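K.L.:
Take this structure first; my questions come after.
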Amino acid sequence: MSDKTILSVSDLNLYYGKKHALFDITMDFQEKEITALIGPSGSGKSTLLRSINRMQDLVPGVTITGSIMYKGKNIYSPNTDTIDLRKEIGMVFQQPNPFPFSIYENVVYGLRLKGVKDKATLDEAVEKSLKDAAIWEETKDILHKSALGLSGGQQQRVCIARALAVNPDIILLDEPTSALDPISSGKIEATLLELKDKYTIIIVTHNMAQASRMSDRTAFFMDGKLIEYNKTKSIFLTPKEKETEDYITGKFG
């Protein structure tokens, strides 16, 4: 485990119009670790995740106070380039969302946006990203076929490859396996465990077993508040807060 903080959230409050959705969230994320965000539906975990690469900017009427420090800068400062930010802090969504292009064009999408035209560079990025996302063997002979022809689990791994191709520091995943069958979910989990040597991963999950298997640290949210945040083993074996224990043991959810 590293103890090198890559991202610091301080006193973060978020409002949808008048509705207060996140209350004074303060937490640090460590480099090259998997952090799981758990909690019942509507507890604020996806809201926080989307705040970390300013996806919430796309929602009308959102107000955010507090700061998220990344590389020594507050990502909410007016001079942050959100396009650059989202290359460094990539996002994978709950439903696989490949673009209606070939597998190849899905993976190089971000590189083309950056202006990369050299075919050898693009080819290399495609192979490396698909290998890192554990989907190269299944796709190497069909790179120029539509990504929409793949199974859900394969599409999700192509979406992970697309996030990896621009060489991010952090990957955010919003319940990336909830729409998938158990075998595909297992493949995604194995992929993420391989990736944490190179990337910092923050994952929202409803699946307690998945959080306990995969993550180094776990944060439990309820009603927009961070109730408890610790090393995963401590959260699951010796939670300090009664609400955490009740949630983990299935008393509510």
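The values are calculated or read from the model by the stated rules, or taken from the named source; none is laboratory data. Quantities reported herein were computed from a predicted structural model and do not represent experimental measurements. Note that we place each Cβ from the backbone using ideal geometry, even for glycine, and neighbour counts take in every protein chain shown.
K.L.:
Contact list please: Cβ distance under 9 Å, first residue in the range 62-80 and over 14 Å from Leu12 (Cα atoms), second residue surrounded by 13 or more Cβ atoms within 10 Å (Cβ to Cβ) and among the basic types (Lys, Arg), pairs at least six apart or on different chains.
P.N.:
That search, which allows pairs on different chains as well, returns Asn79/Lys73; Thr80/Arg54; Thr80/Lys73.
K.L.:
Counting residues that are surrounded by fewer than 15 Cβ atoms within 10 Å (Cβ to Cβ), which strands (runs of 3 or more DSSP E) fully inside the range 8-111 reach at least 1?
P.N.:
In the range 8-111, 19-30, 62-70 are the strands (runs of 3 or more DSSP E) which contain 1 or more residues that are surrounded by fewer than 15 Cβ atoms within 10 Å (Cβ to Cβ).
K.L.:
Glu228 passes all but one of (1) more than 17 Å from the chain's Cα centre (by Cα); (2) closer than 18 Å to Lys131 by Cβ; which number fails?
P.N.:
Here Glu228 meets the rest and fails (2).
The rows are residues; the columns are (1) in contact with a helix residue (DSSP H, G or I) (Cβ under 9 Å, 6 or more places away or on another chain); (2) free of Cβ contacts under 8 Å to residues at least 24 places away in the same chain.
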site	(1), (2)
Glu124	no, yes
Lys140	yes, yes
Ser146	yes, no
Gly152	yes, no
Ile183	yes, no
Leu193	yes, no
Tyr199	yes, no
Asn207	yes, no
Ala211	yes, no
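K.L.:
Among the numbered criteria (1) crowded, with 17+ Cβ neighbours inside 10 Å; (2) outside any loop (DSSP other than H, G, I, E, B); (3) modelled with pLDDT of 95 or more, which single criterion is violated by Ser184?
P.N.:
(3)
K.L.:
If you don't mind, another one. For the range 135-167, give me each residue that is part of a helix (DSSP H, G or I) and out of contact with any Pro (no Cβ under 9 Å at 6 or more places or on another chain).
P.N.:
Across the range 135-167, the qualifying residues are Trp136, Glu137, Glu138, Thr139, Gly149, Ala161, Ala163, Leu164, Ala165.
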